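Engineer: Take a look at this one; I'll ask things after.
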Amino acid sequence: MKIFLVYSVVFFLSIATGTAQTTTDKYAPKYMRYAIPEIEGKVVFSTTAQVDGVSTEELYNRLLKWTEEKLIARSPEKSRILYTSRNEIVAGIEELLTFSTSALSVDRTRIYFHYHIKVEGNSYTATINRIRYWYNENRDGGEKFTAEEWITDKVAMNKAGTRLYPAMGKFRRKTIDLKDELFQNMIEYVAPAYSRTIVYATQPAPTEVAPAPVTPAVEKKETIRHTEILSLPIDTADKVLRASISIEAGEETLMLKPENWRGMTSIPGKTFAYIVVNEKQRALKTLLCESASYLFHIAEGEKTMHLQGGNTQEIRKLSTEELQKMGISATNTDVYRLYISEISTITEERK
């Protein structure tokens, strides 16, 4: 039903606005079969480039500067750098994709995605994944769907692979155009001597095998910053209210309130848990910040999830508006802070 409704809206908009692209543009090879790569069922765009004559540190600094000054700057109020380390950068991006405009209407969608950069030696791999859309948001809340639901070969093309369906095709083309624009802009920024018509290799993101968890030596902590709490995959409401969540370190165990647990998110090779702590919860704050490792126990019915956490870092103080949107009632004397913890292992136990 969702596909039929959106298809109908798009069909009549295309007639009313008269902005259909030429057949040549709509069916250019770069939009057709195999243009949308999938890894384990997820849409993932990636490109790898080598930049000669620069050190790893210099290349990383150029890429970080590009992320801040070019990528984030495209939509500074909505986009954020979510994570940085000595060789990785992850940004959460929100932009508007415009399909057509007329004197009476604008046909566009919001697009959200993660932009992940990893530097190795004098080369880097950039990946765009976790792509989703919010279309027609002003019409009864609009339609929300993921790239996997909307732009893959299986969904967006006829069986012969010769034609794109109108409703999905425009999303597919605009997403590919955006990917090409960002990848090209990035290489031109970090390697200005490259031609503007450079052909860069696009390939699936490398599959990383996480090493067995070990107790790390004391070293400089990675920096995690600018996390936007309102865009986090918040795992509360019914699921958390039904669950019993505790945190254990050594011989100490504390029960968490539903407001403390804000869910988990993943980037390639890493998983993080978000925790909100009231300054009055001194024991919880101490346990998180002073323990090298600890266990989260999330018990629901006959199933208990055990999450090994550590390397906790404070992100920032939360505003009154953010607390209200999370359903947290705070007095004038309450101070809540957002923390992030790296999860090394997840195990499941059933009674």
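Engineer: For segment 279-351, report the accessible area per residue in Å² (1.4 Å probe, heavy atoms, rounded to an integer). Can you show the working numbers first?
Structural biologist: Details: 4190 Å² over 73 residues.
In whole numbers, segment 279-351 has 57 Å² accessible per residue.
Engineer: Oh, and also: Which shape class applies to segment 67-120: rounded if a/c is under 1.5, otherwise prolate when a/b exceeds b/c and oblate if not, where a ≥ b ≥ c are the square roots of the Cα gyration tensor eigenvalues? Walk me through the numbers before you get to the answer.
Structural biologist: Values: a/c = 3.58, a/b = 3.07, b/c = 1.17.
Note, shape of segment 67-120 comes out prolate.
Engineer: Give me the distance between the Cα centres of segment 292-329 and segment 77-102, rounded to whole Å.
Structural biologist: 24
Engineer: Follow-up question, since we're still on this one. At 1.4 Å probe size, with every protein chain present, just tell me what the per residue accessible area of segment 106-172 comes to in Å².
Structural biologist: Details: 2910 Å² over 67 residues.
With the other protein chains kept in place, segment 106-172 gives 43 Å² per residue.
Engineer: State which entries of K78/K270; K257/K325; K42/K270 exceed 21 angstrom in Cα-Cα distance in the structure shown. It would help to have the intermediate numbers written out before the result.
Structural biologist: Working: K78/K270 23 Å; K257/K325 17 Å; K42/K270 17 Å.
Cα-Cα > 21 Å for K78/K270; rest within.
Engineer: Can I ask one more? Hey, got the dipole for segment 58-130? About the Cα centre, +1 on K and R Cβ, -1 on D and E Cβ, debye to the nearest 20? Provide the component values of the computation, followed by the final result.
Structural biologist: Details: 11 positive and 9 negative charges, 13 e Å.
The calculated dipole for segment 58-130 is roughly 60 debye.
The values are calculated or read from the model by the stated rules, or taken from the named source; none is laboratory data. Predicted model only: the values in this text are computed from it and were never measured. All Cβ positions, even for glycine, are placed from backbone atoms using ideal geometry, and neighbour counts span all protein chains on display. Each accessible area value is taken on the protein alone, full model and side chains, heavy atoms only, with ligands, DNA and RNA left out. Shrake-Rupley method; radii C 1.70, N 1.55, O 1.52, S 1.80 Å.
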